[in-house]
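Worksheet for the structure shown next.
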Amino acid sequence: IKRIGVLTSGGDAPGMNAALRAVVLAAEHYGIETIAFRHGYQGLLDNDAVPMQAKDVLHILQYSGTIIKSARCRRFKEVEAAQLAAKNLDSLNIDALIVIGGDGSFRGADHLANHWQGQIIGVPGTIDNDVYGTDQTIGYATAVAIAMDALDKIRDTADAMDRVFIVEVMGRDAGFIGLCSAMSSGAERMILPELQKEKALTISALVKHIKRVQEIRGEGSYVMVLSEHQWPGGAVALSEQLEAEYHLPCRPCLLGHIQRGGPPAPADRILASELGVHAVELILAGAHRVMAAKSQNACVAVPLRETWEKKHPLDENLLRIQHEIFNPVKKKQQR
Ligand code: ATP
């Protein structure tokens with residue numbers, strides 16, 4: 001192995017820079033050159049390649065975003081695009097490619113592997129944590145910390161005004177950010193994709209819950225975490241409905257892309273550093289079509305296909321705890 005490629009793809013995630021830095025430093029340690037492709041798979045198609053050395057990745061691990069840029073590239077799904085990418089990789093004599101991104105990016109990596117002979121390794125970088133085979137993805141810890149911080153702040157004003165707040169968090173179709181930010185901030189309720197699939201919450205059941213909580217406590221706030229795409233029209237529509245139809249003072253708050261910025265949490269910097277180095281070591285060990293992952297305290301290699309074919313489940317125990325211990329309307333307590 002003389003030269004490897006690296007790119008960041010899909011939604012940017014705090015810690016992508018730390019992962020890139022680790023890849024470049026580990027490669028240099030083993031005497032391997034690194035070429036970065038800018039703007040994800042688009043860069044592979046445009047041959048937008050830049051050599052990366054240790055000096056280029058100094059002091060970047062404390063910043064979110066990605067210095068080599070990320071992108072979504074629909075065209076990459078086409079066979080011709082993968083063939084063009086393979087041709088470009090070969091023309092630069094690249095032996096292996098590291099793809100830092102989420103499950104969509106890994107599908108792209110697998111697609112490329114059908115048309116290119118080099119080794120391909122994935123590194124899980126997405127705030128959503130919706131990748132099977134790794135306990136956590138790079139970026140998730142930061143997103144939860146940001147959401148928790150916002151929820152704490154919302155609580156202050158919600159409590160002062162005895163208001164209902166609906167805070168919409170990211171997560172694509174996974175409830176990890178919703179569950180853990182709700183739990184760490186003591187939210188009264190959460191609407192998560194996994195729970196909605198099991199039994200969708202109705203507006204009347206929600207109103208009943210809000211009224212019961214307010215009745216038990218006498219006064220106070222009610223903060224609800226809503227995962228994106230889980231209510232028609234989102235937090236804005238739901239809070240308008242609660243005010244207009246049920247006369248509940250309610251405010252929406254959309255955290256949006258704030259969840260992807262600022263300094264990455266220590267856990268993300270450390271995970272990114274570990275998995276970046278692990279990815280390079282997997283290449284040296286001859287691995288191909290796998291994701292460098294951390295599972296039960298060990299660095300492992302997970303077949304790329306499993307990362308999206310299998311579902312990363314929410315922690316059942318956390319769900320139980322959130323419902324049974326932090327929920328103030330447990331039936332027994334109402335007696
Ligand atoms: P996140 O969910 O955090 O945004 P992601 O990696 O899942 O990250 P996607 O937008 O799903 O983000 O995928 C990133 C890119 O991967 C796509 O823009 C596309 O270039 C490529 N990709 C996704 N799915 C496929 C596929 N089935 N075949 C080829 N390429 C794909």
Amide H contacts under 5 Å for Val290, placed H, 5+ residues apart: Ile120, Gly122, Leu304
Could you tell me how far the Cα centroid of the range 196-274 sits from the Cα centroid of the range 41-110, in Å? 35 Å
Rg/Rg_ref, the range 60-118, where Rg_ref = 2.2 N^0.38 Å and atoms are Cα: 1.22
Cα axis of helix 140-161 to longest principal axis of the chain: angle in degrees, 0 to 90, nearest 10? 20 degrees
Whole-number Å³ per residue for the convex hull built on Cα positions in the range 98-243: 116 Å³
Residues of the range 53-80 with amide N under 17 Å of a point placed 7 Å along Cα→Cβ from Ser91: 80
Of the peptides 260-272, 206-218, how do they stack up when ordered by the mean number of other Cβ atoms within 10 Å, highest first? 260-272, 206-218
DSSP-defined antiparallel bridges as percent of all bridges, the range 186-314, nearest 5: 65 percent
Write down the Kirkwood hydrodynamic radius of the range 224-309, to one decimal in angstroms, obtained as one divided by the mean of 1/r over all alpha carbon pairs. 16.8 Å
Taking the C-alpha atoms of the range 1-118, convex hull volume expressed per residue in Å³: 81 Å³
Distribution of pairwise C-alpha distances over the chain, 10 Å bins, in %: 6, 26, 29, 18, 13, 6, 1, 0
If the convex hull of the alpha-carbon atoms of the range 67-183 is projected onto planes in all directions, what is the mean projected area in square nanometres? 9.2 nm²
What angle, in degrees between 0 and 90 and rounded to the nearest 10, separates the Cα long axis of helix 234-246 from the longest principal axis of the Cα atoms of the chain? 10 degrees
Is it possible to state the helix-based mean residue ellipticity at 222 nm for the chain, with each DSSP H run of 4+ residues giving -39500 (n - 2.57), the sum divided by total residues, to the nearest 500 deg cm²/dmol? What is it? -13500 deg cm²/dmol
In the chain the DSSP beta bridges are antiparallel at a rate, in percent to nearest 5, of 25 percent
If I model a spin label as a point 7 Å beyond the Cα along the Cα-Cβ vector, how far apart are those points for Glu28 and Leu318 in nm? 3.5 nm
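Quick note: the coordinates plus some simple rules give every number you see, no bench work behind them. It should be emphasised that the depicted structure is a prediction, and the values quoted were computed from it without experimental measurement. Using ideal geometry, Cβ is built from the backbone for each residue, glycine included, and neighbour counts are taken over all protein chains shown.
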